[in-house]
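Q: Take this structure first; my questions come after.
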Amino acid sequence: MSTGECVDPAILAAVRRAGLDTVEGAFAFGGGADLAKPGLGHRQRTRIQLEDDQGKKHELYLKRYGREPVIRRLRRWLTYGWGSGPAGVEFANVAAARAAGLPTTQPVACGEQGGCCGPGRGYVILTAVPGDAVERVFADFLSRHGNDDAVERFTMELAKLVRCLHGSGYVHRDLYSSHIFLDDSEGGLSLYLIDLARMFRPRWRRLRWLVKDLAQVKYSMPAAWNDRYWNVFLAAYLGSGADRHFGRFVRAIDWKVRRMSRRRDRGQAAEGI
């Protein structure tokens with residue numbers, strides 16, 4: 001088992017006591033609540049709660065990866081290097097994001113089983129972040145703060161978050177509002193980025209990947225926010241280059257959003273929705 005830097009020793013002790021310090025133990029673990037959603041395939045996500053020696057409870061996420069299809073494994077190796085497994089990649093991505101200053105989860109533990117063709121099964125354990133997904137809570141946030149400056153503060157924080165991600169050289173590749181957590185429970189406002197399994201540093205066509213991330217943000221945010229705050233967000237994201245690049249980014253992002261919408265509509269039509 002590999003462990004993250006600066007992890008609370010009490011959490012690590014609780015992980016070991018629960019048998020989650022080996023791949024076999026992680027896959028045999030039957031506690032927690034599975035977070036199923038379409039398209040997970042060989043992946044399993046489970047929210048767990050472990051109690052340490054002092055009786056303090058810690059909310060964690062256990063992500064288990066079965067053996068990948070060959071084509072998916074090859075694509076991963078092209079992106080992250082030969083022999084890389086999904087659990088190890090996600091663990092490393094979270095550590096890299098934290099090193100870059102991104103507010104995100106903390107990597108607790110990771111383990112993978114080796115094989116002649118790279119890792120087979122693997123698992124990663126991550127801490128929870130405060131708040132809830134923007135996708136779930138933003139409508140309520142808008143209704144509570146529609147007439148004050150909290151929505152603009154959110155917009156500037158979102159621009160800061162995405163700019164930090166891209167400024168560090170990384171792209172997310174799943175930058176939807178379901179993967180951005182909003183916490184305003186203590187009167188302040190904080191954002192966190194989660195689900196970094198596909199984060200990487202593009203070696204070429206970087207602009208394409210930046211536009212894709214930004215389009216995913218716009219596509220997944222409510223129309224009420226997009227209509228009033230999208231240009232504010234984009235100007236803050238671009239910073240000093242806003243005047244020079246604003247129009248080009250607007251056109252590229254909107255083109256990508258239209259493509260995403262058409263693909264969604266085709267999928268719904270095929271399902272008879």
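Q: Rounded to whole Å and ordered largest first, report the semi-axes of the equivalent ellipsoid of region 47-191 derived from its Cα gyration tensor (root of 5λ).
A: On the way: eigenvalues 210, 81, 33 Å².
For region 47-191, the semi-axes come out at 32, 20, 13 Å.
Q: What per residue convex hull volume, in Å³, do the alpha-carbon atoms of region 2-127 yield? Don't jump to the answer; show the numbers that get you there.
A: Values: hull volume 14.2 nm³, N = 126.
Convex hull volume per residue, Cα atoms: 113 Å³.
Q: What lysines could a cross-link reach from K256, if we take a straight Cα to Cα line under 26 Å and drop same-chain neighbours fewer than 8 places away?
A: The qualifying lysines are K37, K160, K212, K218.
Q: How big is the equivalent ellipsoid of the chain along its three axes, where each semi-axis is √(5λ) from the Cα gyration tensor, reported in whole Å from largest to smallest?
A: Values: eigenvalues 216, 109, 67 Å².
The answer is 33, 23, 18 Å, longest axis first.
Q: Moving on. Sort out for me the Cα centre separation of region 54-113 from region 164-191, rounded to whole Å.
A: Measuring centre to centre over Cα atoms gives 18 Å.
Q: Next up: Between S190 and R17, what is 0.36 nm times their sequence separation minus the Cα-Cα distance? Round to one decimal in nm. Each step should come with its number before you reach the end.
A: Details: separation 173, 0.36 × 173 = 62.28 nm, distance 3.28 nm.
Here the answer is 59.0 nm.
Q: What is the Rg over Rh value, at two decimals, for region 179-251, using alpha-carbon atoms and the Kirkwood definition of Rh?
A: On the way: Rg = 14.2 Å, Rh = 14.3 Å.
Checking Rg against Rh, the ratio lands at 0.99.
Q: Report the Stokes-Einstein translational diffusion coefficient (µm² s⁻¹, integer) for region 174-221, Rh taken as the Kirkwood radius over Cα pairs, at 25 °C with viscosity 0.890 mPa s.
A: Values: Rh = 12.2 Å.
The calculation lands on 202 µm²/s.
Q: Further question on the same structure: Using the Karplus curve 6.51 cos²θ - 1.76 cosθ + 1.60 with θ = phi - 60°, work out ³J(HN,Hα) for each residue of region 258-264 in order, rounded to whole Hz, and write x for Gly and Pro.
A: 4, 4, 5, 5, 5, 5, 5
Q: With no solvent and one equal point scatterer placed on each C-alpha of region 132-270, evaluate the Debye formula and give log10 I(q)/I(0) for q = 0.10, 0.14, 0.16, 0.20 Å⁻¹, two decimals.
A: Reported log10 I(q)/I(0), two decimals: -0.33, -0.66, -0.87, -1.34.
Q: Could I ask something else about it? Quick one: angle between helix 134-145 and the longest Cα principal axis of the chain, in degrees between 0 and 90, rounded to 10, please.
A: That helix lies at roughly 50 degrees to the long axis.
Q: Continuing with the same structure: Please compute, for the alpha-carbon atoms of region 1-53, the extent along each of the three principal axes and give them in descending order in Å.
A: So the three principal-axis extents are 35, 20, 20 Å.
Q: When you take every Cα atom in region 72-148, what is the radius of gyration, and what is Dmax, the widest Cα pair distance, in Å?
A: My reading of the Cα-based Rg and Dmax gives 17.6, 60 Å.
Q: Test of understanding: what is the full-extension gain from L74 to A150, defined as 0.36 nm times their sequence separation minus their Cα-Cα distance?
A: On the way: separation 76, 0.36 × 76 = 27.36 nm, distance 4.48 nm.
That pair, L74 and A150, stretches by 22.9 nm at full extension.
Q: Right, another one. Tell me, what HN-Hα J-couplings in whole Hz come from the Karplus equation 6.51 cos²θ - 1.76 cosθ + 1.60 at θ = phi - 60° for each residue of region 62-74, using x for Gly and Pro?
A: 9, 10, 10, 10, x, 5, 7, x, 4, 5, 5, 5, 5
A short reminder: the numbers here are calculations on the coordinates, not readings from a lab. Keep in mind that what you see is a predicted model, and the values were worked out from it rather than measured.
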